[in-house]
Amino acid sequence: MLKPGKPANHRFHSHGTLYRLKYHHNGTTVTFGWRPADLKPSVKPTSTTNIKMTDTAGVKVNAATIAEPFSLAVRQYIEQDMGGVGPKLVGLLAHGDPAAKKYAEWTGKACARDGIRYELREVPKDELLEALEKANNDPDVHGILVYYPCFGAFPSFFGGTMDDFLRDSISIKKDVEGLCQFYRGNLYRNIRYVDDEKTQKCVLPCTPLAIVKILEHLGIYDKTKPAGDHLAGVNITVINRSDIVGRPLAAMLANDGADVYSADIDSLYLFRRGKLIPSEETQETACKKSRVIITGVPVKSYKLPLEWVSENTVIINVASFKNVDEAELLKIKGVQYVPLVGKVTVAMLERNLLRLYENFHWKPKKVWQ
């Protein structure tokens, strides 16, 4: 049985922070690796860009160029520090949803390219929980990914929906998407670490984390401000309040200082750090005052009204359908439009897997003191 290889230098790996590999790619500086919690890195992790607001028509942003440096860092880390044999990720697919199948396909290709062992297990719905428990109890499995939705709104005997029950059934040691109750609760309370000693960072949901990285790349985050205030003064509208994307995304952006308008089919709330406030704004007024609009409406017929979009707005589409009229949107001055986030999401999935492996599955000797 293949086991992940031993890193070349243990000193850099026992519980710490990503810092090790540093290089430049398409204007982005990426630093990746592990450092012990009591050692200070010579270079702090950054993700910056020279992209600025423009006086010309809108531009389309290719998310693949944002994902590549993160994927490359994962690849180099596994090759140089793990002997070329990465952790094992198991995907569980129990339905024929086209978007989920596409995500599974992207995941498999990315993992094969980057040195992660990936196995997709397609199972009937009535055997899904059993398959999940089998993966939970397998010491050779380091991460579990369930492709939702599985049961939709079908209720669980234990309360909530069956999909809720599945999310909460994944071990925190293997929850690569950070969607179980433990990680969700920590996110909503702005608790960033698993342990009291603050040596093990929590896993964050992949798609919301991907959007954060995209916003960092586009220069929306102001890294000159203190941590927790990088988005201070920025208004963001998220048109989606699902448990997988919209809700955790709003919390993450609010934790970084933004005022986040969370829009659903029949309500609008304002998220501020630790607070959920009913808003007197409408979706239209919220969008018009927002520097960033994120759409995730899973309906083919929905299109964001372009009269709601101000100049120099960032528009990110996370739905499987295009939520905007792309050609007309790009006529608006200074708009930056990200039509797809899937490749960045997969890159964040890989990083989450390495974090889980470091936190829970690999226990090297502490040769550093």
- Item | The listed residue being of a type outside the set (K, R), free of Cβ contacts under 8 Å to residues at least 24 places away in the same chain and within 20 Å of M348 (Cβ to Cβ), out of A258, A250 | A250
- Query: Has region 182-198 got at least one residue that is in contact (Cβ under 8 Å) with a residue 24 or more places away in the chain, under 19 Å from the mean Cα position of the chain (by Cα) and more than 30 Å from L304 (Cβ to Cβ)?
  - Reply: yes
- Tally of residues being touching a residue at least 60 places away in the same chain (Cβ under 8 Å) and either of a type in the set (A, V, I, L, M, F, W, C) or part of a loop (DSSP other than H, G, I, E, B) (or both) across region 79-120: 12
- Residues K275, K343, K322: which one is under 18 Å from the mean Cα position of the chain (by Cα) and either without any contact (Cβ under 8 Å) to a residue 24 or more places away in the chain or within 17 Å of P208 (Cβ to Cβ) (or both)? K343
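Every residue, every condition in (1) in contact with a helix residue (DSSP H, G or I) (Cβ under 6 Å, 6 or more places away or on another chain); (2) assigned to a helix (DSSP H, G or I); (3) surrounded by 21 or more Cβ atoms within 10 Å (Cβ to Cβ); (4) at positive phi, yes or no:
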| site | (1), (2), (3), (4) |
| --- | --- |
| V238 | yes, no, yes, no |
| A250 | no, yes, yes, no |
| A254 | no, yes, yes, no |
| S262 | yes, no, yes, no |
| D266 | no, no, no, no |
| F271 | yes, no, yes, no |
| L276 | no, no, no, no |
- Looking at (1) at pLDDT below 95; (2) surrounded by 18 or more Cβ atoms within 10 Å (Cβ to Cβ), which is the one condition that is false for I316? (1)
- Which of (1) under 29 Å from F321 (Cα atoms); (2) in a helix (DSSP H, G or I) is the odd one out, the single condition Y221 does not satisfy? (2)
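Would you confirm whether any residue within region 152-165 is assigned to a loop (DSSP other than H, G, I, E, B) and touching a residue at least 12 places away in the same chain (Cβ under 8 Å)?
So in region 152-165, the residues assigned to a loop (DSSP other than H, G, I, E, B) come out as 152-154, 156-160.
Checking which are touching a residue at least 12 places away in the same chain (Cβ under 8 Å) leaves us with none.
No, region 152-165 has no match at all.
Please work out which residue is nearest to the chain's Cα centre (by Cα), limiting yourself to region 203-226 and to residues that are of a type in the set (S, T, Y) and closer than 29 Å to F182 by Cβ. So that I can check it myself, show each step before the final result.
The first filter runs over region 203-226 and keeps only residues of a type in the set (S, T, Y), leaving 207, 221, 224.
Subsequent filtering for residues that are closer than 29 Å to F182 by Cβ retains 207, 221.
Working: T207: 4, Y221: 16 Å.
Once the filter is applied, the top-ranked residue is T207.
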- Message: For the condition surrounded by 16 or more Cβ atoms within 10 Å (Cβ to Cβ) and either among the aromatic types (F, W, Y) or farther than 27 Å from F70 by Cα (or both), what is the one hit in L304, L356?
- Response: L304
- Message: Restricting to region 325-340, give me the number of residues that are within 25 Å of E68 (Cβ to Cβ) and free of Cβ contacts under 8 Å to residues at least 12 places away in the same chain.
- Response: 0
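Looking at V61, V123, V85, which one is touching a Leu at 6+ places or on another chain (Cβ under 8 Å) and at pLDDT 95 or above? Walk me through it before giving the result.
Numbers: V123 fails: at pLDDT 95 or above; V85 fails: at pLDDT 95 or above.
That would be V61, the only listed residue that is touching a Leu at 6+ places or on another chain (Cβ under 8 Å) and at pLDDT 95 or above.
The values are calculated or read from the model by the stated rules, or taken from the named source; none is laboratory data. Treat the numbers as computed from the prediction; the structure is a model and nothing was measured. Neighbour counts run over all protein chains shown; Cβ positions are idealised from the backbone, glycine included.
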